[in-house]
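All remarks here apply to the structure that follows.
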Ligand SMILES: [Zn+2]
């Protein structure tokens with residue numbers, strides 16, 4: 001297994017959307033070798049992220065619940081997982097300091113990929129389903145995000161979608177393939193309900209883990 005240590009990075013945020021042609025879902029056939037995956041659960045503490053319009057559920061809490069399920073799924077398959085947070089608190093007392101620490105962890109040396117877990121919101125309440133973003137210009141990030149969105153859509157029985165290029169702080173990591181996953185829309189009533197259902201959370205987590213492993217097992 002590869003080793004890791006902490007470095008430093010700086011910050012910003014942006015993104016976009018689209019839809020894609022069908023594809024074949026990936027099936028795991030063998031136990032993978034040890035991989036080093038960094039999982040980032042978005043927001044936390046004073047920064048709760050998006051809020052469910054019907055129930056008031058906090059994105060930060062759902063990111064942790066889904067993220068921990070992803071962590072366990074990857075660990076069960078032999079991966080070494082480093083989390084940016086393990087509880088509901090933020091990493092620091094201000095957004096700036098929180099992001100600086102998050103960036104440092106995401107830049108840990110030896111990581112095979114990084115995965116940030118978030119929940120979405122949008123003014124049009126009919127928009128729903130997961131989306132994946134990679135850093136524009138990153139071939140590794142594009143391949144990783146493509147594998148994850150394919151596996152996610154297959155897992156929840158949704159029409160396939162493209163992964164989207166973007167420019168996000170958590171995907172802007174030199175030389176490490178990174179993906180930002182928006183698991184669903186807290187502005188959509190069906191997604192908001194599903195995202196709080198433990199069975200649905202597990203389905204999402206298994207899809208994310210499968211997509212990540214599919215990417216890592218590619219030659
Ligand atoms: Zn978020």
Query raised in the report: What is the packing order of peptides 169-181, 188-200, taking the mean over residues of other C-beta atoms within 10 Å and listing the highest first?
Result: 169-181, 188-200
Report task. Give me the number: length gained by fully extending residue 76 to residue 159, i.e. 0.36 nm times residue separation minus the C-alpha to C-alpha distance, one decimal in nm. Result -> 27.1 nm
Report summary line: Taking alpha-carbon centroids only, region 139-178 lies from region 50-121 a number of Å equal to 16
Requested in this report: First measure r as the distance between the Cβ atoms of residue 217 and residue 94, then evaluate 1/(1 + (r/R0)^6) with R0 = 35 Å and state the FRET efficiency to the nearest 0.05.
Outcome: 0.35
Query raised in the report: For labels at residue 53 and residue 196 in the simple 7 Å Cα→Cβ model, what's the distance in nm?
Result: 1.6
Query raised in the report: By how many nm would the segment from residue 206 to residue 109 lengthen if fully extended, with 0.36 nm per residue of separation less the alpha-carbon distance?
Result: 32.3 nm
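Read-outs: derived from the displayed coordinates by stated rules, not from any lab. Since the structure is predicted, the reported quantities are computational estimates derived from the model, not experimental observations. Positions of Cβ are generated from backbone atoms using ideal geometry, with glycine treated the same way; all protein chains shown enter the neighbour counts.
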